[in-house]
Amino acid sequence: MPKYSLRRKVNVKFVTNTTKESRRVLHERLHSLGFDIEKSEIFTSLSAARSYVDTHKIRPLLMLEKEAMEDFEGVGTSDPNAVVIGLAPSCFNYSKMNEAFRMLLDGSTLIGIHKARYLKKKDGLYLGPGPFVHALEYATGTQAVVLGKPEKAFFLEALQEFSCPPDQAVMIGDDVIDDVGGAQKCGMLGILVQTGKYRSKDESKIQPAPHLTCPDFPASVDYIIDNLL
Amino acid sequence: MQCSAPSLRMFKSSKVCTVLIDLSGTLHIEDYAIPGAVNALNRLRRKVNVKFVTNTTKESRRVLHERLHSLGFDIEKSEIFTSLSAARSYVDTHKIRPLLMLEKEAMEDFEGVGTSDPNAVVIGLAPSCFNYSKMNEAFRMLLDGSTLIGIHKARYLKKKDGLYLGPGPFVHALEYATGTQAVVLGKPEKAFFLEALQEFSCPPDQAVMIGDDVIDDVGGAQKCGMLGILVQTAFSWIPGKFCYRSLIPAVATPTYTAISTPTQL
């Protein structure tokens, strides 16, 4: 049990690259686990993608699982001029990938909701959407617009609500590249927790190394309150 | 016929003794022989050594040979050097036990190879394996220390009804996921061209490569010291249907560009 409550001392926001689930589903799960979190405090790469699609008036071919489609309600998808890729196992087959490939050759924009290499589940590691976005980049010789972590724009947009400069912000996460590396490139402090998808010696994979590597979220909270405020 | 050969005079002092020829897109497109190709090949054979080099991984050497034979080409099976042959040779030499991500028709070239308790992932053009479940199986093997072997990394291939993703994007996906680099065996790897020339003890600067893929055929051969001839067959043969000139930036300036297959050297 952490010694202190983080919320009483700083602003918090929950940032996630999950693209398989809508914000509502995430919120319900966290709530059922006992976390005191508002839906509006959750900022996902899907939110970032929806915002991008609206701003740029894009008509996307959505490579998303059914549960994530909810966050794109109201978006026109006929005569698509972009390919939007999230974590979509049912779309990561030769036939669908080929459909996307041909659209890109015809001039559609490639948008990766994020490029996570893999994710961790109870029964092991699974490929993320990153490898499949990368496959299409390689096939077409183009670069995707990437919206989620570790993109700088994603972190800055998350901080915007609090008018907080990056050097007064901390990112806590289990992905050394997407969470910690991305945040530190933005000027934030990064804390790597050794839970979830963390694998031994991950902390040596980025330069500079994480500001802190610690066992879990409660430990990171103790550190922040004792040392950074 | 219009050919552009701005630097041909630079090579006139070297006598060419061997010509490597790509198959799909150069001698034929699926079940159609390129017009004039059969006769052109016969004339070429009288003057130089020839070998047929292809990255195809969906079909065994026997199947390729039968198709070319039925189109009228006078070719021996032993003259066909495929990336599958190169892969089989690599697997044998390094005593590898592969998880083979290949279509059924290509498995023939791996008969006799032990595949239980695999310690490597070997990837060819395998649409039936390019799904999340199989890719994940390969991914986990690679995390456990298996070697990633790409029979080749072609970005795409041309069929009658359009372009299709090659195995390259899927090999690339696994490289990205694991932060490793695949061993790649086919064109445009230098080792592939050198192995093809070895039979004739022919130095690269006395050899020519003819193909329709500017990066894998021409670029790869030229990096090896060979002369590269880029044929524009797909454009001229199906006019107006494919316009992919600007698809990939030209990284190799072909030595000599021809509209159709070679006539004279």
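The values are calculated or read from the model by the stated rules, or taken from the named source; none is laboratory data. Predicted, not measured: the structure shown is a model, and the values here were computed from it. With ideal geometry, Cβ positions are generated from the backbone for all residues, glycine too; neighbour counts draw on all protein chains shown. These area figures cover heavy atoms from the full protein model, side chains too; ligands, DNA and RNA do not enter into them. Shrake-Rupley method; radii C 1.70, N 1.55, O 1.52, S 1.80 Å.
Worth pointing out:
- Kirkwood radius, the protein assembly as shown, all distinct C-alpha pairs, inverse of mean reciprocal distance: 25.2 Å.
- Between B:Glu76 and B:Asp31, the C-beta separation translates, for a Förster distance of 25 Å, into a calculated FRET efficiency of about 0.75.
- Amide H contacts under 5 Å for B:Val50, placed H, 5+ residues apart: B:Val19
- Rg/Rh (Cα only; Kirkwood hydrodynamic radius) as it applies to region A:11-150: 0.98
- Whether region A:116-229 is rounded, prolate or oblate, judged on the alpha carbon gyration tensor where a/c under 1.5 counts as rounded: oblate
- DSSP-defined antiparallel bridges as percent of all bridges, chain A, nearest 5: 15
- Rg/Rh for region B:69-130 (Cα atoms only, Rh after Kirkwood) is 1.04.
- Where labels lie 7 Å past Cα in the beta-carbon direction, separation of A:Lys152 and B:Lys95 in nm: 5.2
- ³J(HN,Hα), Karplus 6.51/-1.76/1.60, whole Hz, each residue of region A:123-128, x for Gly, Pro: 9, x, 8, 10, 4, x
- Test item: Cα-centred dipole of the protein assembly as shown, Lys/Arg +1 and Asp/Glu -1 on Cβ, debye: 880
- Charge tally in the Cβ shell below 12 Å around A:Leu147, where Lys, Arg are +1 and Asp, Glu are -1, A:Leu147 excluded: +2
- Largest-first principal axis extents, alpha carbons of region B:162-203, Å: 40, 32, 11
- Shielded residues, region A:74-110 - accessible-area loss of 50 Å² or more between chain alone and all protein chains, probe 1.4 Å: A:Tyr94, A:Phe101, A:Arg102, A:Leu105
- Between the beta carbons of B:Cys17 and B:Ser128, assuming R0 = 56 Å, the FRET efficiency works out to 0.85 to the nearest 0.05.
- For the residue pairs A:Lys39/A:Lys152; A:Lys66/A:Lys152; B:Lys77/B:Lys187; A:Lys96/B:Lys159; B:Lys95/B:Lys190, the alpha carbons lie more than 25 Å apart in A:Lys66/A:Lys152.
- Shape of region A:168-229, Cα gyration tensor, a/c cut at 1.5: oblate
- Phi-based couplings in Hz for region A:73-81 (Karplus 6.51, -1.76, 1.60; Gly and Pro marked x): 4, x, 7, x, 10, 7, 6, x, 10
- Taking θ as phi - 60° and the Karplus parameters 6.51, -1.76 and 1.60, the scalar couplings of region A:60-67 work out to x, 8, 8, 9, 9, 6, 3, 5 Hz in sequence order, x denoting glycine and proline.
- Solvent accessible area, Å² - A:Lys13, 1.4 Å probe, full protein context: 50
- Buried area at the A:B interface is about 2700 square angstrom, summed over both chains, from accessible surfaces computed with a 1.4 angstrom probe.
- Length-normalised contact order for region B:188-228 - Cα pairs under 8 Å, 6+ apart - percent: 45
- Computed over chain A with a Gaussian network model linking Cα atoms closer than 10 Å, the most mobile of A:Glu73, A:Glu157, A:Glu203 is A:Glu73.
- Once the C-beta distance of B:Glu137 and A:Asp216 is scaled by a Förster radius of 35 Å, the resulting FRET efficiency is 0.70 to the nearest 0.05.
- DSSP bridge pairs, the protein assembly as shown: antiparallel proportion in percent, nearest 5: 20
- Helix-only CD estimate at 222 nm, as mean residue ellipticity for chain A, using -39500 (n - 2.57) per DSSP H run (n ≥ 4): -9000 deg cm²/dmol
- Accessible area of the protein assembly as shown divided out per residue, in Å², using a probe of 1.4 angstrom: 47
- Taking 10 °C and 1.306 mPa s as conditions, region B:46-91 diffuses translationally at an estimated 141 µm²/s according to Stokes-Einstein applied to its Kirkwood radius (Cα pairs).
- Per-residue average of Cβ from other chains inside 10 Å of B:132-139: 5
- Each of B:Ala126, B:Leu71, B:Thr57 was scored by the projection of its Cα onto the charge dipole of region B:32-143, and the greatest displacement toward the positive side belongs to B:Leu71; charges sit on the C-beta of Lys, Arg, Asp and Glu.
- Rolling a 1.4 angstrom probe over region A:130-229 with all protein chains present gives an accessible area of which 51% lies on carbon and sulfur atoms.
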